[in-house]
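Single-structure report; data block below.
The values are calculated or read from the model by the stated rules, or taken from the named source; none is laboratory data. Note that the coordinates shown come from a computational prediction; the quantities given were computed from them, not determined experimentally. Note that we place each Cβ from the backbone using ideal geometry, even for glycine, and neighbour counts take in every protein chain shown. When the accessible area is computed, the model is the full protein with side chains, heavy atoms only, and any ligands, DNA or RNA have been set aside. Shrake-Rupley method; radii C 1.70, N 1.55, O 1.52, S 1.80 Å.
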Amino acid sequence: MKTKIITFLLLFILISSCKFIKNTPNEIFQQVGLNANKIPSSFERVFKEFRQQKANGTLQLPSEDGKSMRKATCVEVVNFAYANTFKKDIERIKDLNPDRDAEEIVKSGIDLFEYADQIQSKDFMIIAKMIDDGKSNEEVDAAARNLDDTKGIELDKKYTKVMDLLLPYADKNGVEYKKF
């Protein structure tokens, strides 16, 4: 019985102490910076690609058995490809335990990814439905351009804020990265 209690206490102490272990600068950079590359820089371009794939008959998803591809609607593809893109990233960023220098990076990263997630899970679906409903290229382009000119501008500001905090932090802490 004493052995079980001691084992339990040691396990509890070990698990509790993990909260005090800070993530390395490289881990912060990986979770926030590299995953930010998933954020599209042009919504209009994304939807032009979808329209082109639909016109070519190449807008597809894996079939139920996962062994072949099936034709899909734009809404289905957007839901499959984008609706949950950032959910795991947001959770991983929230699980980070940054040092004091990286706290604002993590906070800004969460803000960025939650905003991108909102756009992709809501606004993308609206434009995808327009494509499926046969709206003209001009109407779809106008909706995508409007998204770029409104929420896209705000998303760019959030992205810039993260990078303006993250890159000097990475440089200060010897994190190696390449800019493209």
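Take the conditions (1) more than 24 Å from residue 56 (Cβ to Cβ); (2) under 16 Å from the mean Cα position of the chain (by Cα); (3) in contact (Cβ under 8 Å) with a residue 12 or more places away in the chain; residue 166 misses just one of them, which is (2). Among the residues of the stretch 42-80, those that are assigned to a helix (DSSP H, G or I) and either surrounded by fewer than 16 Cβ atoms within 10 Å (Cβ to Cβ) or over 22 Å from the mean Cα position of the chain (by Cα) (or both) comprise 45, 48, 49, 51, 52, 53, 54, 55, 56, 80.
Each residue in the stretch 81-90 was checked for being farther than 16 Å from residue 127 by Cα and part of a helix (DSSP H, G or I), and 4 pass. Of the residues making up the stretch 42-92, those that are under 29 Å from residue 114 (Cβ atoms) and among the basic types (Lys, Arg) are 45, 48, 51, 87, 88, 92. Taken over the stretch 160-180, the residue count meeting the criterion of being of a type outside the set (Val, Ile, Thr) and in contact with a Pro (Cβ under 7 Å, 6 or more places away or on another chain) is 3. Please find, within the stretch 86-95, the residue that is farthest from residue 38 (Cα to Cα) out of those that are crowded, with 19+ Cβ neighbours inside 10 Å and not charged (D, E, K, R). Selected residue: 93.
Which one is most open to solvent (accessible area, probe 1.4 Å) among residues in the stretch 27-41 that are in a loop (DSSP other than H, G, I, E, B) and out of contact with any Phe, Trp or Tyr (no Cβ under 8 Å at 6 or more places or on another chain)? Within the stretch 27-41, the match that is most open to solvent (accessible area, probe 1.4 Å) is 41.
Residues in the stretch 134-150 that are more than 30 Å from residue 168 (Cα to Cα), open to solvent by 40 Å² or more (accessible area, probe 1.4 Å) and assigned to a helix (DSSP H, G or I): 137, 138, 139, 142, 145, 146. For the residues 110, 131, 105, 153, the requirement of being exposed (fewer than 15 other Cβ atoms within 10 Å of the Cβ) and either in contact (Cβ under 8 Å) with a residue 12 or more places away in the chain or closer than 25 Å to residue 81 by Cβ (or both) singles out 153.
Just the residues that are assigned to a helix (DSSP H, G or I) and open to solvent by 60 Å² or more (accessible area, probe 1.4 Å), please, taken from the stretch 166-180. Passing the criteria: 168, 171, 172. Going by the conditions given, is residue 56 modelled with pLDDT of 90 or more and over 30 Å from residue 135 (Cα atoms)? So residue 56 fails the test.
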